[in-house]
1. Ignoring the sites themselves, what is the longest stretch of the chain with no GluC sites (Glu not before Pro) in a DSSP loop and at most 14 other beta-carbon atoms within 10 Å?
2. Report relative contact order for the chain in percent, whole number only (criteria: Cα-Cα under 8 Å, sequence separation at least 6).
3. Any idea what angle helix 44-53 forms with the longest principal axis of the chain, computed on alpha-carbon atoms, 0 to 90 degrees, nearest 10?
4. If I compute Rg and Dmax of the Cα atoms in Å from the structure I just sent, which labelled value in [x] 15.8, 42; [y] 19.4, 59; [z] 23.0, 79 lines up?
5. Over the stretch 175-224, what is the relative contact order in percent, taking alpha-carbon pairs closer than 8 angstrom and at least six residues apart?
Amino acid sequence: MFGLPAGTRRRTPGLTREEAAQQCGMSATWYTWIEQAREVSISPQALARLARAFRLTRAERAYLFDLANKRDPDGDGGAEELEPPAVLIAALGGIHPPAYLLDRHLRALAWNAAAAELFVGWLDNEGAATQRNLLRYLFLNPQSKALVCDWQDRARRVVSEFRADHSHALDDPVMRALLADLRQGSAAFASLWDEQQVLGREGGRRHFNHPRLGRVSYEQLAFAWTAEPGVKLIMHVPVAATDTVAEA
């Protein structure tokens with residue numbers, strides 16, 4: 001598995017400390033100290049090399065970083081666009097209210113017909129111009145300001161949640177390109193990003209001025225997709241008409 005010479009006789013199975021250290025790209029002394037649980041400071045990058053060298057599963061890797069009390073620099077996966085499995089897309093189709101999947105770059109990976117009807121300019125046929133990206137839609141498509149009630153407050157929260165969720169992954173090339181495009185194309189985004197606010201993701205009431213449906217209100221729910229960290233299922237459950245009137 002590791003490309004070592006065949007036929008080497010070993011007293012015990014597995015790698016020697018020297019071989020393990022070489023696979024991890026660190027000195028044998030440093031690796032030995034880590035193995036012996038000495039009081040040493042190991043960087044997240046070194047832990048990531050160790051996880052790759054030992055072919056750790058996703059759960060094992062997460063456990064390693066939890067034990068070390070470090071944040072995994074690759075914790076949200078790679079920069080490539082994900083392909084949701086067919087069963088997940090089928091599940092979206094079985095959800096009656098608007099629902100969609102967002103990846104860590106806030107790209108919509110899949111959505112149902114109700115979401116396409118609600119989010120004009122993003123998830124409908126016109127949305128390809130924004131690369132189905134929620135941030136690009138909010139800040140680079142004028143339709144978003146007409147659709148989303150309290151646009152300024154909603155935009156500030158989305159930016160703050162995005163920074164909180166992915167501040168450790170801002171060196172990702174896809175993330176850097178996205179931020180550069182948004183800063184260049186939207187003074188509003190540049191101003192909000194420079195505020196450096198962070199907020200935890202919360203659901204709650206969402207209001208829209210839809211060009212065909214009129215004013216509509218929903219309760220937003222967010223669920224993590226455990227098979228792929230960073231991907232979330234977002235649902236908008238319609239608010240009863242009586243509830244909407246009472247709130248207004």
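1. After excluding every exposed loop site, the longest remaining stretch is 82-201.
2. Rounded, it is 15 percent for the chain.
3. With both axes taken from Cα atoms, the answer is about 70 degrees.
4. Of the listed options [x] 15.8, 42; [y] 19.4, 59; [z] 23.0, 79, [z] comes from this structure.
5. This gives 23 percent for the stretch 175-224.
Each value in this text was obtained by applying a stated rule to the coordinates, not by laboratory testing. As the structure is a prediction and not an experimental result, all values here were calculated from the model. Note that each Cβ is placed from the backbone with ideal geometry, even for glycine, and that neighbours are counted across all protein chains shown.
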